[in-house]
Structure formats: C-alpha cells, structure tokens
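Written out below as structure tokens is the structure these notes cover.
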Amino acid sequence: MEKPAKKRVASRSPCVTCADLIASHFDRRRFLHVAAGSLAAVAFARWNVLAAGAQSGNYDAMLLTCIDPRFQEPVSKYTAERQLTGKYSQFTIAGASVGVVAPAFEAWHKTFWDNLGASIGLHAIDQVIVINHRDCGAAKIAYGEAAVVDRAAETKTHREAMAAFRRQLAERHPKMGAETLLMALDGTVEDLS
C-alpha cells in the first residue's frame with residue numbers, strides 16, 4: 001500500500017518572521033501611543049511657531065464685541081473696511097462693554113481684564129475697539145427694560161456703559177486708547193467715544 005502524500009506546510013519566510021518580531025514589539029497600543037505623541041509634538045511645534053508670530057507686535061487693537069450672532073458678519077465687514085483684518089485680537093462677551101462693566105455681570109469682569117492684559121503682553125496692542133450694538137439682550141438683562149425701551153434710552157444706556165468702560169480702562173491701562181462704537185442692526189456704526 002502506498003503511503004498518502006504528505007501535505008506540504010508552508011514555512012514562514014524570513015520576512016514574515018521579522019514581521020512577527022516587529023509586531024510583537026510594536027503592538028497596536030504602542031503604535032497609538034507613538035502616533036499620539038508624534039501628533040502632539042507636531043501640534044506643539046506648530047503652536048510655538050504661531051505663538052512666536054503672535055508675539056511679534058504687529059497688532060493694532062483688541063476688538064471687544066457681543067456674542068449676538070446677528071452681528072458677527074457686520075462686525076467682520078466693518079473691520080475689513082477699516083483694513084483691520086488680521087491686525088487685532090478679539091474678545092467676545094454678552095453685551096460687549098456692558099458685559100465688562102455692568103454689576104449684573106460682575107463675575108465676568110476679571111476674565112476680560114485678564115485677557116486684555118494677555119493681549120497687551122502678547123500682541124503689543126495700544127487700543128481697544130468696543131462695538132456694542134442696538135437691540136442688545138444683555139443690556140436689557142443688565143439694566144432692565146426701561147434702559148432699552150426706545151432709541152434714545154438705548155443710546156444713553158450704551159453711552160454710559162462705554163463711558164464706564166473707558167474710565168476703568170484708563171485706571172488699569174492709562175496709556176491704552178479706546179474707541180467706543182454702537183452698531184445698528186443694518187451694520188451702520190455711531191462713534192460714542
């Protein structure tokens with residue numbers, strides 16, 4: 001009787017064996033750790049380059065604006081018309097100057113002043129451009145319905161908040177200039193400085 005033919009078992013080639021050795025040394029978890037560390041290093045290096053550029057002092061101002069989504073585009077158009085695009089840091093808070101000075105928002109005040117200090121240090125700015133706006137919900141929250149009942153009351157409310165902002169700015173940063181502007185729903189701007 002004939003012996004049945006032996007099945008040939010494929011032997012591993014040296015490359016497969018090397019691959020096994022590499023795979024056992026660099027498992028998926030190790031790969032993910034190395035990849036995450038590499039990405040973090042690249043991000044940090046990129047941040048350092050950006051931070052170095054931000055510290056160059058080529059910035060004109062800090063722009064203080066409100067969170068109201070209706071004014072994001074008009075504010076952007078306004079700054080572009082003034083050729084300020086890329087030349088300012090920005091701080092956005094409900095009510096703009098109202099959020100910085102109104103007693104109703106006292107918990108927010110320190111955050112703004114700390115951010116302004118950082119912008120002065122990092123960006124060498126010498127002015128703040130404040131853009132409050134009409135039909136502002138934060139002004140109503142801070143000062144009540146009567147403060148914004150009509151155009152005259154609304155203008156007076158914003159004028160007073162901006163005057164308080166300029167006073168506080170002068171106390172904290174005497175060399176810092178300020179423009180205080182009031183924007184209407186159609187994007188037109190009044191200077192209340």
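The values are calculated or read from the model by the stated rules, or taken from the named source; none is laboratory data. Every value quoted in this text rests on a predicted model; they were computed, and no experiment measured them. Here Cβ is always computed from backbone atoms with ideal geometry, including for glycine, and neighbour counts include all displayed protein chains.
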Can you confirm whether region 100-111 contains a residue that is at pLDDT 95 or above, of a type in the set (A, V, I, L, M) and in a loop (DSSP other than H, G, I, E, B)?
yes
Please verify whether ILE129 is farther than 17 Å from ARG70 by Cα, touching an Asp or Glu at 6+ places or on another chain (Cβ under 6 Å) and in the same structural domain as ARG70 (by TED's automatic domain parsing), treating the condition exactly as stated.
yes
Do we have any residue at all in region 59-75 that's part of a helix (DSSP H, G or I), within 25 Å of ARG167 (Cα to Cα) and modelled with pLDDT of 95 or more?
yes
Could you grab the pairs with beta carbons closer than 7 Å, sequence gap of 6+ or different chains, first residue in region 71-83 and surrounded by fewer than 12 Cβ atoms within 10 Å (Cβ to Cβ), second one part of a loop (DSSP other than H, G, I, E, B)?
LYS77/GLY187
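Residues being in a helix (DSSP H, G or I) and over 18 Å from GLU106 (Cβ atoms): count how many of those fall in region 164-178.
2
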Contacts under 6 angstrom Cβ, first residue in region 161-175 being at negative phi and in contact (Cβ under 8 Å) with a residue 40 or more places away in the chain, partner among the hydrophobic types (A, V, I, L, M, F, W, C) and part of a helix (DSSP H, G or I), 6 or more apart:
ALA161/VAL98; ALA161/VAL101; ALA164/VAL101; PHE165/VAL100; PHE165/VAL101
